[in-house]
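*Asks:* Have a look at this one before I ask anything.
The values are calculated or read from the model by the stated rules, or taken from the named source; none is laboratory data. These numbers come from a predicted model, not from an experiment. With ideal geometry, Cβ positions are generated from the backbone for all residues, glycine too; neighbour counts draw on all protein chains shown.
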Amino acid sequence: MAETTAPAMAPARPALDETLLAALAAAAGDESGGLTRRLAAQVRYEAAETPSRVRHLWRFTDPARLLPMNLTAVTGAPGDVSHTLAPSVAGAAATIDLWPGLPPVVALSDDLPAGQLTVVSAGETAGSPALAADELFAALNEAAWNTGIGLAVADGARLPGPIHVRVHASAAASLPRLRLVVGRNAEAMLVEQHLDGGPETRVTGHTAITVGDGSRVRHAIVQVWGQGTNGHLSVSTKAGADADVLTVFGVFGGDEAKLEVRTDLAGKGSRSEIVGVTLVTGKQHGDVHTTHRHLAEHTSSRIDFKAVAAEHARSTYTGLIRIEDQAHHCEAYQENRNLLLSDRARADAIPELEIHNQEVSCSHGATIAPVDPEQLFYLASRGLEHGEAVSLVVGGFLENTMAKLPDDVRTMAEAFVGPRLAAIREGSA
Amino acid sequence: MSDALLNPANPANVFACRNLHVFVKDGDQEKEIVRGVDLTVQRGQKHALMGPNGSGKSTLAAALMGHPSYRVEGEIWLNGERVDALEPHERARRGMFLSFQYPVAVPGVTVANFLRASLAARRGTEIPVRAFRQELNEAFATMGIDPSFITRYLNDGFSGGEKKKLEILQMLLLKPAFSLLDETDSGLDIDALKVVSDGINQASGPDNGLLLVTHYQRILNHVQPDVVHVFMSGRLVRTGGMELVTALEERGYDWLTDEAAVAEGSRT
Ligand SMILES: Nc1ncnc2c1ncn2[C@@H]1O[C@H](COP(=O)(O)OP(=O)(O)OP(=O)(O)O)[C@@H](O)[C@H]1O
Ligand SMILES: [Mg+2]
């Protein structure tokens with residue numbers, strides 16, 4: 001008789017207690033109400049089930065490998081950080097550095113008109129999106145975030161430049177938390193750059209964005225962690241009526257990294273576009289999930305995600321389009337293309353459609369393919385060496401997606417993609 | 001031809017192949033597509049190759065350029081040097097060129113970037129931007145291609161004729177020693193055929209050579225080959241001059257099939 005299945009090993013979860021949460025709140029500059037919210041989140045965290053590997057969302061990635069190993073209250077400035085300071089985005093309305101264990105460092109531009117941008121608590125949940133990220137990670141971040149900022153953009157504001165947030169994974173357990181609340185008929189751009197991190201670093205990050213009626217928001221999240229860093233980043237965005245949202249992401253760094261981007265089209269006539277690029281190599285494992293949830297009529301969404309996997313690397317994608325029964329006359333489109341640069345590289349693409357009414361137009365496409373040998377032969381017949389030909393083809397594959405990125409974000413992505421293409425050209429990737 | 005000129009190592013020969021066989025994978029087996037070809041192109045010569053569909057002309061051309069999916073036996077010579085062990089890009093850098101019957105698209109790579117990289121590879125040195133622009137403008141003008149094509153993606157969404165013009169534009173820029181032109185005239189309208197032929201003639205001179213694969217007399221009237229070969233079932237079955245082209249136009253290939261069969265019969 002077969003044995004009964006062994007009980008599933010619960011992955012080690014870092015323990016939380018009130019003393020720790022109080023210390024984290026104090027160090028991060030979280031204001032007095034912060035601890036109450038953290039304690040409530042702790043209850044949710046402890047009740048949250050470990051994500052099931054059976055579900056598509058976690059089929060390819062082990063959540064235990066992304067969780068922090070243990071949590072301590074880091075305080076004070078990290079050691080020498082000068083080398084990690086990425087250049088600030090030209091013309092930024094605000095430049096903000098988030099270091100674990102420190103209050104945010106905020107530099108506002110002189111061009112920023114008074115009252116357009118205010119700093120609010122990152123911890124507050126009122127007004128944050130209905131759409132939850134993965135519960136375990138969301139609750140952990142909410143309880144134990146150790147660096148963060150909340151920003152509010154006033155009704156009718158037009159920020160003179162992007163808000164640039166450099167999120168430093170400078171502690172072994174880095175838990176950044178961002179919140180952006182954009183009022184009605186406003187325009188804002190948030191560029192979130194996830195930097196630093198070394199061996200054994202673990203990041204659990206969450207960003208919540210609320211876009212008021214008639215507003216236009218562009219949000220970029222570019223992850224360029226150092227080698228050895230694992231982590232989970234999630235973005236939840238809620239778009240109000242006639243709001244227009246562009247979310248772009250780049251997943252480049254770290255060892256094992258998952259990014260979840262969820263956008264709720266909550267208001268009638270809202271539009272969302274998600275544009276993403278990933279380029280993984282070596283033993284990297286990149287995992288991207290997107291959700292577009294249509295809750296209102298006449299909403300439209302598009303997703304364009306391109307992934308390149310070289311050497312032993314693996315890129316996985318799950319993309320959900322969910323159209324609720326009341327959301328008539330919606331349009332949704334999802335495209336995911338994957339390019340494999342070696343026999344050992346892998347990519348997975350799982351599109352999921354959940355459509356609860358018939359008056360919608362919805363389509364998706366996914367491709368996974370190696371570089372076309374006929375393209376390489378054509379380029380070789382013009383004198384291009386193998387590496388040079390491959391790097392041209394890869395650059396070309398990414399090009400029309402990169403072209404959709406706002407200039408500053410493209411520069412940021414290219415700072416990472418450029419050297420990788422050069423490595424391919426030299427034959428070392 | 002004198003014995004010295006039959007020597008593939010003779011620098012008067014820009015190209016030669018000897019006893020060339022080309023095999024493709026066919027399930028577990030191999031299929032022989034090119035079945036023993038000997039060809040010598042002297043510097044300054046233009047050769048034409050005509051043959052029925054499926055006879056192996058494109059296979060021959062691609063194999064000479066070094067296409068990785070073929071297994072090749074025999075010798076390939078370029079400028080008096082063996083090149084059959086070289087990678088395709090090395091053959092290209094030494095001056096071999098293939099104008100594709102079906103040029104592939106490379107989306108996202110602009111014509112300008114591609115041409116600049118090709119030119120640098122062929123010349124072994126980076127080309128200064130301004131000099132490159134000037135050369136490019138001249139070549140575009142010669143080929144009657146709108147300059148806006150330099151920012152288009154390589155062959156992406158190009159019409160058949162536009163692709164063929166860009167192939168010859170590359171021949172003009174890269175100045176190959178020996179060009180394989182695989183049906184560069186197919187699908188061209190009358191004006192485009194003239195432009196393409198003029199381009200080929202402009203790129204040809206006393207120091208280089210070419211092998212032009214075609215089904216039609218029209219381009220040969222423009223290009224005026226010195227030698228015409230008929231290629232059937234993987235072999236050269238007849239070599240002559242323009243009179244051979246006229247005979248093919250009138251009689252098709254069947255009479256040569258019979259002769260080839262007779263020749264083959266007599267050999268065994
Ligand atoms: N990789 C391959 N695998 C199997 N068969 C092949 C392969 N490449 C070529 N062939 C076969 O070899 C034969 C010759 O093809 P090729 O394209 O060289 O003909 P061609 O003379 O150029 O014809 P056309 O005039 O139509 O262009 C054809 O029967 C073709 O199907
Ligand atoms: Mg052919």
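*Asks:* Tally up the residues in region B:91-131 that are outside any helix (DSSP H, G or I), more than 16 Å from ligand 2 (Cβ to nearest atom) and of a type outside the set (Ser, Thr, Tyr), please. First the steps, then the outcome.
*Replies:* To start, the set of residues in region B:91-131 that are outside any helix (DSSP H, G or I) comprises B:94-110, B:124-128.
After this cut, where a residue has to be more than 16 Å from ligand 2 (Cβ to nearest atom) as well, the list is B:94-97, B:105-110, B:124-128.
Now restrict to residues that are of a type outside the set (Ser, Thr, Tyr): B:94-97, B:105-109, B:124, B:126-128.
Number of matching residues: 13.
*Asks:* While we're here: Which ones in region B:24-48 are near ligand 1 (Cβ under 9 Å from one of its atoms) and either of a type in the set (Asp, Glu) or at pLDDT 95 or above (or both)? Show your work before the answer.
*Replies:* The initial filter retains those residues of region B:24-48 that are near ligand 1 (Cβ under 9 Å from one of its atoms), namely B:24-26, B:31, B:33-34.
Those that are near ligand 1 (Cβ under 9 Å from one of its atoms) and either of a type in the set (Asp, Glu) or at pLDDT 95 or above (or both): B:VAL24, B:ASP26, B:LYS31, B:ILE33, B:VAL34.
*Asks:* Need the failing condition index for B:ARG130 against (1) within 14 Å of chain A (Cβ to nearest Cβ); (2) farther than 30 Å from B:GLN45 by Cβ; (3) among the charged types (D, E, K, R), just the number.
*Replies:* (1)
*Asks:* Determine if region B:92-99 includes at least one residue that is of a type in the set (Gly, Ala, Ser), within 18 Å of the chain's Cα centre (by Cα), buried (at least 21 other Cβ atoms within 10 Å of the Cβ) and more than 14 Å from chain A (Cβ to nearest Cβ).
*Replies:* Within region B:92-99 (the criterion being of a type in the set (Gly, Ala, Ser), within 18 Å of the chain's Cα centre (by Cα), buried (at least 21 other Cβ atoms within 10 Å of the Cβ) and more than 14 Å from chain A (Cβ to nearest Cβ)), the answer is no, since none of the residues qualifies.
To keep it simple, each residue is scored yes or no on (1) among the hydrophobic types (A, V, I, L, M, F, W, C); (2) under 28 Å from the mean Cα position of the chain (by Cα).
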{"position": "A:LEU341", "(1), (2)": "yes, yes"}
{"position": "A:ASN357", "(1), (2)": "no, no"}
{"position": "A:GLY365", "(1), (2)": "no, yes"}
{"position": "A:ASP407", "(1), (2)": "no, yes"}
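*Asks:* Looking only at region A:354-376, decide whether some residue is under 23 Å from A:THR247 (Cβ atoms), crowded, with 22+ Cβ neighbours inside 10 Å and within 14 Å of another protein chain (Cβ to nearest Cβ).
*Replies:* no
*Asks:* Given the conditions (1) of a type in the set (Gly, Ala, Ser); (2) within 20 Å of A:GLU273 (Cβ to Cβ); (3) outside any strand (DSSP E or B), and given that A:SER363 satisfies all but one, which numbered condition is not satisfied?
*Replies:* Result: A:SER363 passes all but (3).
*Asks:* Could you tell me whether B:THR125 is at pLDDT below 95 and not basic (Lys, Arg)? Outline the logic, then answer.
*Replies:* Numbers: at pLDDT below 95: yes; not basic (Lys, Arg): yes.
Spelling it out, B:THR125 is indeed at pLDDT below 95 and not basic (Lys, Arg).
*Asks:* Also, I was wondering about something else. With a cut-off of at least 1 residues that are within 16 Å of ligand 1 (Cβ to nearest atom) and β-branched (Val, Ile, Thr), name the strands (runs of 3 or more DSSP E) lying wholly within region B:158-248. Break it down into steps so the answer makes sense when it comes.
*Replies:* Details: elements: B:178-182, B:209-213, B:227-232, B:235-240.
Fully inside region B:158-248 and qualifying: B:209-213, B:227-232, B:235-240.
*Asks:* Is it the case that region B:144-154 has a residue that's hydrophobic (A, V, I, L, M, F, W, C) and part of a helix (DSSP H, G or I)? Talk me through it step by step, then tell me what you get.
*Replies:* First pass over region B:144-154, keeping only residues hydrophobic (A, V, I, L, M, F, W, C): B:145, B:149-150, B:154.
Narrowing the set further to residues that are part of a helix (DSSP H, G or I) leaves B:149-150.
Within region B:144-154, one or more residues are hydrophobic (A, V, I, L, M, F, W, C) and part of a helix (DSSP H, G or I).
*Asks:* Moving on to the next point. Sort out which residues of region A:27-46 are of a type in the set (A, V, I, L, M, F, W, C), closer than 13 Å to A:ALA143 by Cα and in a helix (DSSP H, G or I), and write them in order of number.
*Replies:* Hits for region A:27-46 are A:LEU35, A:LEU39, A:ALA40, A:ALA41, A:VAL43.
*Asks:* Which one of these is surrounded by 23 or more Cβ atoms within 10 Å (Cβ to Cβ) and touching a Phe, Trp or Tyr at 6+ places or on another chain (Cβ under 8 Å): A:LEU175, A:LEU159?
*Replies:* Result of the check over A:LEU175, A:LEU159: A:LEU175.
*Asks:* Now for a separate question. Is it the case that region B:1-10 has a residue that's of a type in the set (Ser, Thr, Tyr), at pLDDT below 95 and either in contact with a Gly (Cβ under 7 Å, 6 or more places away or on another chain) or surrounded by fewer than 17 Cβ atoms within 10 Å (Cβ to Cβ) (or both)?
*Replies:* Yes: region B:1-10 contains one or more residues that are of a type in the set (Ser, Thr, Tyr), at pLDDT below 95 and either in contact with a Gly (Cβ under 7 Å, 6 or more places away or on another chain) or surrounded by fewer than 17 Cβ atoms within 10 Å (Cβ to Cβ) (or both).
*Asks:* To continue, here is another question. Can you name the residue in region B:58-83 that is part of a loop (DSSP other than H, G, I, E, B) and either touching a residue at least 60 places away in the same chain (Cβ under 8 Å) or away from ligand 1 (no atom under 16 Å from the Cβ) (or both) and, of all such residues, is farthest from the chain's Cα centre (by Cα)?
*Replies:* Among those that are part of a loop (DSSP other than H, G, I, E, B) and either touching a residue at least 60 places away in the same chain (Cβ under 8 Å) or away from ligand 1 (no atom under 16 Å from the Cβ) (or both), it is B:GLY80.
*Asks:* I'd like to verify a number: residues in region A:379-409 that are at the interface with another protein chain (Cβ under 8 Å from one of its Cβ atoms), in a helix (DSSP H, G or I) and either basic (Lys, Arg) or over 19 Å from B:ALA112 (Cβ atoms) (or both), how many?
*Replies:* 2
Every residue, every condition in (1) closer than 29 Å to B:GLY205 by Cβ; (2) within 14 Å of another protein chain (Cβ to nearest Cβ); (3) within 16 Å of ligand 2 (Cβ to nearest atom), yes or no:
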site: B:ASP28; (1), (2), (3): no, no, no
site: B:ILE33; (1), (2), (3): no, no, yes
site: B:VAL41; (1), (2), (3): yes, no, no
site: B:GLY44; (1), (2), (3): yes, no, no
site: B:LEU49; (1), (2), (3): yes, no, yes
site: B:LEU64; (1), (2), (3): yes, yes, yes
site: B:TRP77; (1), (2), (3): yes, no, no
site: B:LEU86; (1), (2), (3): yes, yes, no
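*Asks:* Related question: Anything in region A:210-238 that is under 22 Å from A:ALA154 (Cβ atoms) and either assigned to a loop (DSSP other than H, G, I, E, B) or free of Cβ contacts under 8 Å to residues at least 60 places away in the same chain (or both)? List them, or say none.
*Replies:* Hits for region A:210-238 are A:VAL211, A:GLY212, A:ASP213, A:GLY214, A:SER215, A:ARG216, A:VAL217, A:HIS219.
*Asks:* Identify, please: which residue in region A:104-125 is under 22 Å from the mean Cα position of the chain (by Cα) and part of a loop (DSSP other than H, G, I, E, B) and is, among those, farthest from A:GLY148 (Cα to Cα)?
*Replies:* In this case the residue turns out to be A:THR125.
*Asks:* Also: Return the only residue of B:ARG152, B:ARG218 being in contact with a strand residue (DSSP E or B) (Cβ under 8 Å, 6 or more places away or on another chain) and surrounded by fewer than 19 Cβ atoms within 10 Å (Cβ to Cβ). Even if it seems obvious, please write down each step before you answer.
*Replies:* Values: B:ARG218 fails: in contact with a strand residue (DSSP E or B) (Cβ under 8 Å, 6 or more places away or on another chain).
Going through B:ARG152, B:ARG218 in turn, the sole match is B:ARG152.
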